[in-house]
Structures are given as structure tokens and as C-alpha cells.
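Everything below concerns the one structure shown next.
The values are calculated or read from the model by the stated rules, or taken from the named source; none is laboratory data. This is a predicted model, so every value here is computed, not measured. Neighbour counts run over all protein chains shown; Cβ positions are idealised from the backbone, glycine included. For accessibility, only protein heavy atoms count, side chains too; no ligands or nucleic acids. Shrake-Rupley method; radii C 1.70, N 1.55, O 1.52, S 1.80 Å.
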Amino acid sequence: MKINIDVSKGNTISAFLAAILVNSNQIGMGVLGFQRVIAKEAGHDAWISVILAGLVTHVTVWIIIKTLQKYPSADMYGIQDDVFGRWLGTGLSLLYLTYFFISAVVILRSYIEVVQTWVFPNLPTWILSGIILFLVYYTIVGGIRVIAGYAFFSIIITIWFLFDLFFPLQYAHWEYLFPIMDTSFENLLKGMLAMSLTSVGFEVIYVVYPFVQNKERVNKSTQWAVLVTYLAYVLIMIVSLVFFSQGQLMRTIWATLNLHKMVHLPVLERFELVVISLWLIVVLPNIMLYLWCSARGLKRLFGFNLRKSVYWIMPLIYIASLTLLSRQ
């Protein structure tokens, strides 16, 4: 395997767009219901666990970028082949490739679960899964620049969701946050670990890095992306803690969607249905990027071209989404 990758200038992206990819990949399905699993461990100090998770993520991203900067233009697959050798490096790369594949399946199936629960209870999984994967394929064959452009568009579309938090804040009980630091540090760490499924997404920089033009700015741009992500998470968590009681939050699977139920407009009664519909624009870049990372892995390890790799992976993701019948 060739360690460093030669990428044509027409197939590269800026460090800003690389940060956009990280930010959009972190804000996905997890944001719709991460509050309950963290509050279950850390109670009303769950917002502190989110901050701790953000600090750990910043350090992890710094380590990832410093590792990548040891090479002129290498991705994770090439680095592992160089450090661990052909056989062990290939084995580790296959684990990462499988991880990217599973992440795409989890995101796809989670979104279908939300649609079937809130909007169309009788909609068959195979129909919605097929439609979403068709949209994913239509975009991913365009390469990383098309995916980055779509991710930028998805962020622009979803920024206004944060302003909707004003509506539930009208019914806030700020005393729910006190006493601060009432939870043990061990429980705060457990809450931080419970944040992991929502925190991930930054690891795609391992595969995206060779396609970045101004690599010297990747660290700064990516750190800003992670900071913006966690500021949004802390804000959403605090609003959830002051809106729901602890008992209510423990029984609320998708707390963010329930917050949007408080938005009342003269021409629209159930605003959360709009959120669910537009959230497809948010999860599509996640699935695209993880699928692209998997396809890149097959290309790097076995020499398949990107289109052929997608042909192998897409049917597997489709079948896997149909076999998952419950959250457990």
C-alpha cells in the first residue's frame, strides 16, 4: 500500500470544509435524545458531563491531527500499514472499516425509527431505507467535495433549530439545576462516557485529511468545529434540564423533539414534524461520510475503485437496516 496519497487539486477541500464535515458528522441522530442517557448517570449535573466530554474530544482531536501531521499526506489506513506492518495494519484497518460501516447502519436505522414512531407508524422499513440509500449513493459518487458541500448546506439549514429553544425556555424552572456539583465525580465520568455515541464523528478526519489543501490549518479549524458542536450540546442539555423534571427526563426518549413540541405557530400546530422531516438533511451527510470512509478503506486495502466499493457496501447496509427490529 502507498502510505502517502497524491490527490489532484480538483478533488481537494479547504480546512474550513474539513471542519464543516466534522461538525456536521457530530450533530446527527444523537442530538435528538442524548439528554436522557446522560442525566440517568449524572442527574441534574449532566451539563457538566457534556463539558467534560467536550474537553476529552478536544484533546483526542489534537492527538489525531498531530499523528496525521507526521506524514505529508497519509490517511489512517496508510499510517497503520506503515506503523504496524502489512498484516497487523490491515487487520486494524478492517476494524475501522467495520466501525464506519456499523456507524452508517446505526444512523440510518435510528432515523427510520424516529420517522416510524412520530410520523408514519405503518411505513415499511425497506421503503424508507431504500429511498435514503438511493439519495446517499447519488451524492457519494460525486466525491468528497460534493459531500462537503452537502454538509455545509445541512448546517445552514439546521442553525435555526437552536433559536427554537426560546419557546421551552418560557417554562423553565432554573431551580432544577441546583445544587450544582451534587453528583459524584464518578457519576460525572459515567455521564461523559454515556455521551460517547453523540460525541463521535470527529474520527472521520483520519480519512479526510489527505484531501485537505491547507493542512496547516486543519487543527485550528477542527478544534473550532468541535467547540461549536459542544456549545450547542451544552445549551440543549441545560434547556432540557430546566424544562423537564428528572422523572420526566428519564421517561423521554427523544427529549429534543419534545422540546420542539413547545413551538406554536399560527399556521402550524405540530412543529416537531417539520424538524423530523428536515432532520433527513442532517443525517444524510453522516451516512454519506461514513459510507465514503468505508469505501475508501476498501480502495486502500484491496485496490477497489470508489464506485465498485460502494456497490459492495450499499447492499450490506440495506440488509443490515432491515434485520435490526428493535433498539436492543
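On the basis of being under 19 Å from Asp6 (Cβ atoms), modelled with pLDDT under 95 and open to solvent by 10 Å² or more (accessible area, probe 1.4 Å), does Arg300 make the cut? Before the answer, list the steps.
Numbers: under 19 Å from Asp6 (Cβ atoms): yes; modelled with pLDDT under 95: yes; open to solvent by 10 Å² or more (accessible area, probe 1.4 Å): yes.
Yes, satisfied.
Only one of the listed residues (Lys70, Lys40, Lys9, Lys2) is of a type in the set (Lys, Arg) and without any contact (Cβ under 8 Å) to a residue 60 or more places away in the chain. That residue is Lys70.
Tell me, which residue of segment 252-274 that is modelled with pLDDT under 90 and under 13 Å from Phe163 (Cα atoms) is surrounded by the fewest Cβ atoms within 10 Å (Cβ to Cβ)?
Applying the first criterion (modelled with pLDDT under 90) to segment 252-274 yields 260-274.
In the following step, the residues that additionally are under 13 Å from Phe163 (Cα atoms) were identified as 260, 262-263.
Values: His260: 21, Met262: 17, Val263: 20.
Among those that are modelled with pLDDT under 90 and under 13 Å from Phe163 (Cα atoms), it is Met262.
Summed over segment 120-155, the residues that are over 16 Å from the mean Cα position of the chain (by Cα) and assigned to a helix (DSSP H, G or I) give a count of 19.
Among the listed residues Val234, Val226, Val242, identify the single one that is at pLDDT 95 or above, in a helix (DSSP H, G or I), crowded, with 22+ Cβ neighbours inside 10 Å and of a type outside the set (Ser, Thr, Tyr). Talk me through it step by step, then tell me what you get.
Values: Val234 fails: crowded, with 22+ Cβ neighbours inside 10 Å; Val242 fails: crowded, with 22+ Cβ neighbours inside 10 Å.
Selected residue: Val226, the only one of Val234, Val226, Val242 that is at pLDDT 95 or above, in a helix (DSSP H, G or I), crowded, with 22+ Cβ neighbours inside 10 Å and of a type outside the set (Ser, Thr, Tyr).
Of everything in segment 161-190 that's charged (D, E, K, R) and surrounded by 15 or more Cβ atoms within 10 Å (Cβ to Cβ), which residue is modelled with the highest pLDDT?
Residues of segment 161-190 that are charged (D, E, K, R), as a first pass: 164, 175, 182, 186, 190.
Filter once more, keeping what is surrounded by 15 or more Cβ atoms within 10 Å (Cβ to Cβ): 164, 190.
Values: Asp164: 85, Lys190: 95.
Within segment 161-190, the match that is modelled with the highest pLDDT is Lys190.
Among the numbered conditions (1) touching a Phe, Trp or Tyr at 6+ places or on another chain (Cβ under 8 Å); (2) of a type outside the set (S, T, N, Q); (3) not in a helix (DSSP H, G or I), the only one that Met181 does not meet is (1). Return yes when Val37 is farther than 25 Å from Trp224 by Cβ, β-branched (Val, Ile, Thr) and open to solvent by 50 Å² or more (accessible area, probe 1.4 Å) and no when it is not. Taking the combined requirement at face value, the residue satisfies it. Every condition in (1) surrounded by fewer than 17 Cβ atoms within 10 Å (Cβ to Cβ); (2) farther than 25 Å from Leu316 by Cα; (3) among the β-branched types (Val, Ile, Thr) is met by Thr158 except one, and the failing one is (1). Of the candidates Val136, Val106, Val141, the single residue that is over 23 Å from Val218 (Cα atoms), modelled with pLDDT under 95 and touching a Lys or Arg at 6+ places or on another chain (Cβ under 7 Å) is Val141. Taking into account only those residues within segment 120-139 that are open to solvent by 50 Å² or more (accessible area, probe 1.4 Å) and in contact (Cβ under 8 Å) with a residue 40 or more places away in the chain, which is farthest from Asn258 (Cα to Cα)? Across segment 120-139, the extreme among qualifying residues is Tyr137.
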